[in-house]
Amino acid sequence: DGGITQSPKYLFRKEGQNVTLSCEQNLNHDAMYWYRQDPGQGLRLIYYSQIVNDFQKGDIAEGYSVSREKKESFPLTVTSAQKNPTAFYLCASSIDLRMGTGELFFGEGSRLTVL
Amino acid sequence: AQSVTQPDIHITVSEGASLELRCNYSYGATPYLFWYVQSPGQGLQLLLKYFSGDTLVQGIKGFEAEFKRSQSSFNLRKPSVHWSDAAEYFCAVGGDGNKLVFGAGTILRVKS
């Protein structure tokens, strides 16, 4: 079935370590997104990419990095510069949201805990 | 830039009662509006969306929402709530680029 796969589902990290969260989609969508979710704050956009080899910062990009080398893949690296990385991370993809049929499709999320 | 306000952090309703979740947005032009639902520890599922046309939008699971431009609102409604509707609900707005801005969410509790 078509969809978005995030891995790992749970991840523990020691302070000072970089970690990479995987996101793969087989929906043939051009656009991909990373959101961070914290209790009571909703979803905040970290990075998004509208096409291969191009990406834009969202509202809270500091301490994160991404790459988009393939249409299907949009990995997120949480670096040691991110001061408070413990959160639930959601990856999404879409066709152009400005079209009448556009919507975000979400993965199941990855929960990162810093020990 | 667009923004979304969901005034209610928690709402508790009795099973079988009606439900209305509030959503107010800020955007200078005609927005694209969405409601998503999330079960604990899961991703988000689209309930319904508004792009243009009829301001009353029907979605899945018996939900509907009405776009009111004069009030900058897009409230979600359901005539009779089921215990399985307990979840967190997010309103989102698009229009400024190919991205969505989400509200803080409303947690719905259903009591039997």
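Filtering the range A:97-115 to residues that are among the charged types (D, E, K, R) and more than 8 Å from chain B (Cβ to nearest Cβ) leaves nothing. Of the strands (runs of 3 or more DSSP E) entirely within the range A:46-98, those holding at least 3 residues that are among the hydroxyl-bearing types (Ser, Thr, Tyr) and out of contact with any Asp or Glu (no Cβ under 6 Å at 6 or more places or on another chain) occupy A:87-94.
Residues A:PHE55, A:PHE105, A:PHE74: which one is among the aromatic types (Phe, Trp, Tyr) and closer than 22 Å to B:LYS49 by Cα? It would help to see each step written out before you state the result.
Values: A:PHE55 fails: closer than 22 Å to B:LYS49 by Cα; A:PHE74 fails: closer than 22 Å to B:LYS49 by Cα.
Being among the aromatic types (Phe, Trp, Tyr) and closer than 22 Å to B:LYS49 by Cα holds for just one of A:PHE55, A:PHE105, A:PHE74, which is A:PHE105.
If only residues of the range B:1-28 that are modelled with pLDDT of 95 or more, part of a loop (DSSP other than H, G, I, E, B) and more than 13 Å from the chain's Cα centre (by Cα) are counted, the one that is farthest from the other protein chains (Cβ to nearest Cβ) is B:GLY16.
Can A:SER94 be described as more than 8 Å from chain B (Cβ to nearest Cβ), under 24 Å from B:VAL37 (Cα atoms) and within 14 Å of the chain's Cα centre (by Cα)? Talk me through it step by step, then tell me what you get.
Details: more than 8 Å from chain B (Cβ to nearest Cβ): no; under 24 Å from B:VAL37 (Cα atoms): yes; within 14 Å of the chain's Cα centre (by Cα): yes.
In short, no.
Selection over the range B:91-103 of residues that are at the interface with chain A (Cβ under 7 Å from one of its Cβ atoms) and out of contact with any Ser or Thr (no Cβ under 8 Å at 6 or more places or on another chain) gives a count of 4. Against the list (1) touching a Cys at 6+ places or on another chain (Cβ under 6 Å); (2) over 23 Å from A:ARG36 (Cα atoms); (3) not polar (S, T, N, Q), the condition B:CYS23 fails is (2). Yes or no: the range B:7-23 includes at least one residue that is closer than 27 Å to A:ALA31 by Cβ and among the polar types (S, T, N, Q). The answer is no, given that none of the residues of the range B:7-23 is closer than 27 Å to A:ALA31 by Cβ and among the polar types (S, T, N, Q). Would you confirm whether or not the range B:64-78 contains a residue that is part of a loop (DSSP other than H, G, I, E, B), under 23 Å from A:GLU108 (Cβ atoms) and more than 12 Å from the chain's Cα centre (by Cα)? Checked against the condition, which is being part of a loop (DSSP other than H, G, I, E, B), under 23 Å from A:GLU108 (Cβ atoms) and more than 12 Å from the chain's Cα centre (by Cα), the range B:64-78 yields no hits at all.
A quick yes/no check of all residues on (1) of a type in the set (S, T, N, Q); (2) more than 13 Å from chain A (Cβ to nearest Cβ); (3) in contact (Cβ under 8 Å) with a residue 12 or more places away in the chain:
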| residue | (1), (2), (3) |
| --- | --- |
| B:SER39 | yes, no, yes |
| B:LEU46 | no, no, yes |
| B:LYS61 | no, yes, yes |
| B:SER73 | yes, yes, yes |
| B:LEU76 | no, yes, yes |
| B:ARG109 | no, yes, yes |
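The lone criterion from (1) in contact with a Ser or Thr (Cβ under 8 Å, 6 or more places away or on another chain); (2) crowded, with 19+ Cβ neighbours inside 10 Å left unmet by B:HIS10 is number (2).
The values are calculated or read from the model by the stated rules, or taken from the named source; none is laboratory data. Note that this is a predicted model, so its numbers are computed, not measured. Glycine also receives a Cβ, built like all others from the backbone with ideal geometry; neighbour counts cover every protein chain displayed.
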